[in-house]
Structure formats: C-alpha cells, structure tokens
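Written below as structure tokens is the structure these notes are about.
The values are calculated or read from the model by the stated rules, or taken from the named source; none is laboratory data. Since the structure is predicted, the reported quantities are computational estimates derived from the model, not experimental observations. Heads up, the Cβs are rebuilt from the backbone with ideal geometry, glycines too, and the neighbour counts pull from every protein chain shown.
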Amino acid sequence: TNMRVSQSARARQSFMREAMRDYPVPAREELHKLWERFDYNGNGLLSLAEIDKLVREEYPQYDDKQALLRAYKFADQDGSGFITKNEFATLVRSLAYFKALAEEFREVDASGDRRIDFDEFLAGAPRMGLNLGEAEARAIFDKMDTDHGGLVLFEEFCAFMGRLKAEHRDRAELRSAV
C-alpha cells in the first residue's frame, strides 16, 4: 500500500505540474468568492451536488457529468467524499483537464456506448497522437484495460492517459537536463 500511495502521490504531483501550466485557475480572490458562494451551509466542505451547481452556473463549458465526477474524485485528496477549501483549486483546474479527456474518450468511442473496445481504440489511436501497429495497440489497450474486461471505461482511460502524459513529460525533462 505504501508503494501504491507514493505512486499515486507522484502521479498527482506530476499531473499538477502539467495542469498548472495547461489549465490555469482563477486568481486566489476569485476562488475565495466562488468558495463562499457555493459553500451554502458554511461547513467548509463542498458536496458533489454543490459542485454540480457551481459548474452549471460558473463553468457551463465544463458541464460534463463523467468529467465532473472524475475531477471530484481526483480532487478529493483526503478521501472524505467532500471537497475542502484546500482541495478547491485542484478541483477547478481538474474540471478542464477531465473535460478534455472526456471529449477525447467520446471521439474514440465510435459506438457511443461509453466504453472503448479494441477496434475502436485501434481506429481512434491516431486521434490521440498514437501511431501504432496492431500488436503495439493491443499491448497498450491491455495495459489500459486494468479490470481485464475487454473494454476500456472512462476511469481506466483517464488513469492511463494521465500516466502516459506524465511519462512523456518526465522523459522530456530528463532529455533537457542531460
């Protein structure tokens, strides 16, 4: 479990480095105003329902339930089921990131059944910037399909793409350091 936690922490830190650059958040004062406005009962916690309302009213461009739920789970670093004030900036930043992944997922999911099968992955890989032969595509698909159900669900897709992007960036950082 310790190894899993440290990998998870590293993955979160890696994501946050990229996200801070690619998905900026509003200024601290604006975040504070949003927090005050949507923490209706003043308990210092935002529920999923409060966050859903926040997104619909303040960020309608990110109103995607699949992406919202993934951003919510990602930002809930303490696992409480609520977003604390300290987790709020991560949530706001994550909304854009997971919305972009949801759009990419839907592009590859040609059947629209909210699952990607191998044929869809093979056909959609070039849209994700992956130029793969069938054997290489199969190996990647099998890594992505962590529950080995023969289909890739959105959560598996997000986890894999996050790792892929972090590894790509880490390799680039290593090359520039040498």
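Of all residue pairs spaced 6 or more apart or on separate chains, those with beta-carbon atoms under 6 Å, a first member in the stretch 140-152 that is under 15 Å from Ser111 (Cβ atoms) and modelled with pLDDT of 95 or more and a second member that is basic (Lys, Arg) and assigned to a loop (DSSP other than H, G, I, E, B) are Leu151/Arg115.
Here Lys53 qualifies as over 28 Å from Lys165 (Cα atoms), touching a helix residue (DSSP H, G or I) at 6+ places or on another chain (Cβ under 9 Å) and assigned to a helix (DSSP H, G or I). All of (1) over 17 Å from Leu54 (Cα atoms); (2) touching an Asp or Glu at 6+ places or on another chain (Cβ under 7 Å) hold for Ser80 with one exception: (2).
Yes/no matrix, rows are residues, columns are (1) under 16 Å from Asn86 (Cβ atoms); (2) at pLDDT 55 or above:
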{"residue": "Gln7", "(1), (2)": "no, no"}
{"residue": "Arg10", "(1), (2)": "no, yes"}
{"residue": "Tyr23", "(1), (2)": "no, yes"}
{"residue": "Ala27", "(1), (2)": "no, yes"}
{"residue": "His32", "(1), (2)": "yes, yes"}
{"residue": "Glu36", "(1), (2)": "yes, yes"}
{"residue": "Ile51", "(1), (2)": "yes, yes"}
{"residue": "Glu57", "(1), (2)": "no, yes"}
